[in-house]
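Asker: Just dropping this structure here.
Read the figures in this text as sums done on the coordinates, not as results from a lab. In this text the structure is predicted, and so the values were computed from the model without any measurement. Here the Cβ positions follow ideal geometry from the backbone for every residue, glycine too, while neighbour counts run over all protein chains shown.
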Amino acid sequence: MWAMIVKEFRQVRRDRRTLAMMIVLPVLLLVVLGYAASFDVKTITVAVAGQQAGTQADAVGALLGAPFKVVETGTGQGASWARDQLRDGKAEMAVVTGGARPLVYIDGSQIFAARTALTALAGHTAGAGHTAGLAPKVAILYNPGLNTSDIMIPGLCGVVLVFVGTIITSLGVVRERQSGTLEQLAVMPLKPRDVVLGKIVPYFGVAVVDLAIVLAVGITVFGVPFRGDPFSFALGALLFLFVTLGLGVLISSVSQNQGQAIQLAVMTLLPQILLSGLIFPLGSIAAGVRWIAYLLPLTYFNEIARGVMLRAEPIGALWQPFLFLVLLGVVVVTGAILRFTGYLAPAGRGGRLPESAALRQEVGA
């Protein structure tokens, strides 16, 4: 038994990647969750509309106080403009002045901000001693019941795509290496992009089917609305899937076996679930950790999915998440192609064969 214990310790010590994951990952998760695991909303952005919104914005901001912050003003605008600010994600609450009773719109798709806003407004109304006839009229848009399923299902569509695109695809090239077929690819007239795309396309089809199933279940079983343009949602999903599939192929290209591939895939999956705004609102994450969220593709897919499904947000208002998904896709897929260039380029043109294939080539000569 002692000999087995010593052997196992030596084996763990030699497997530095697993050892680092066993020691570093718990500490990393503790630090990330310590800063990110918060449902408190520190700032609620407000848009003010009305005939004199420009001059009344400061007064409205002072009256509301913390955590409200006026970020948009629409002088001469009305309720339609105020609703558009919430739809396009420019504000989480809108105040329309000028009537007998102020009209307040709250974006229900931002569920934590909406609940915080309702609590704060109730406190302000009670503290000001408003009567029922003078209290502001509050309307919750896009998720009137503040249902958790309405905001979770669009994000879970992205989690399903991450799971299929990253974890399942990451095993593809590793399987080729372990079975020896990667050496056969190296001597075939295949370009690196041919192999990368060849690995991506089958999983792409499977992921599309999974996405359709999740959407159908979410809409029919959980009653999640789909108010926006299906084309905008489909385009965002395809771009996001392109990034996740490329990431899976890139992980497989730097892994020596399936165990390493799964470890790396899980290490990329957990931050996306915890820091993308799926569970915790981005505004509540500390700035020292929040920057990681803007490097994760799921962050941008969440914006697209919730914006299209719940708020019917037009594609023009979502240009930023679309742009970042394109940039991430270019970076990830280019990295995967560069990794494969060394394996699949013909040896006589500056490439290198895997060691066993090169050895057989030398013995044959």
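Asker: How much length is gained if the chain between LYS90 and VAL331 is pulled fully straight, taking 0.36 nm per residue apart and subtracting their Cα-Cα distance, in nm to one decimal?
Answerer: Between LYS90 and VAL331, full extension yields 83.9 nm more.
Asker: A further question on this structure: How big is the Kirkwood radius of the range 148-364, worked out from every pair of different alpha carbons and given in Å to one decimal?
Answerer: This gives a value of 18.4 Å.
Asker: Within the range 50-77, find all residues whose amide N lies under 19 Å from a label point positioned 7 Å from the Cα of ALA100 along Cα-to-beta-carbon.
Answerer: 51
Asker: I would also like to ask the following. With springs only between Cα atoms under 10 Å apart, run a GNM on the chain and tell me which of GLY99, GLY89, GLY283 wobbles the most.
Answerer: Judging by the Gaussian network model, the answer is GLY99.
Asker: Could you work out the Rg to Rh ratio of the range 44-141, with Rh taken as the Kirkwood radius (inverse of the mean 1/r over all Cα pairs)?
Answerer: Rounded to two decimals, Rg over Rh is 0.92.
Asker: Give the calculated FRET efficiency between LYS137 and VAL24 to the nearest 0.05, with a Förster radius of 41 Å applied to their Cβ-Cβ distance.
Answerer: So, using R0 = 41 Å, E works out to roughly 0.20.
Asker: Let me ask something else. Roughly how many nanometres apart are two label points built 7 Å out from the Cα toward the Cβ at ALA216 and GLN11?
Answerer: 4.5
Asker: In addition: To the nearest 20 Debye, how big is the dipole of the chain about its Cα centre, given +1 on the beta carbon of each Lys and Arg and -1 on that of each Asp and Glu?
Answerer: 780
Asker: Quick one: divide the alpha-carbon radius of gyration of the range 234-306 by 2.2 N^0.38 Å and tell me what you get.
Answerer: Expressed relative to 2.2 N^0.38 Å, the Cα Rg reads 1.19.
Asker: Then there is this: Along Cα→Cβ, 7 Å out, is where each label goes; now give me the distance between the ones at GLN256 and LEU63 in nm to one decimal.
Answerer: About 6.8 nm separates the two model spin labels.
Asker: Full-extension gain between LEU197 and LEU146, please, as 0.36 nm times their residue separation minus the C-alpha to C-alpha distance.
Answerer: 14.2 nm
Asker: Could you give P(r) for the chain, binned at 10 Å from zero, as whole percent values over all Cα-Cα pairs?
Answerer: The calculated distribution, bin by bin, is 5, 20, 25, 21, 14, 9, 5, 2, 0, 0.
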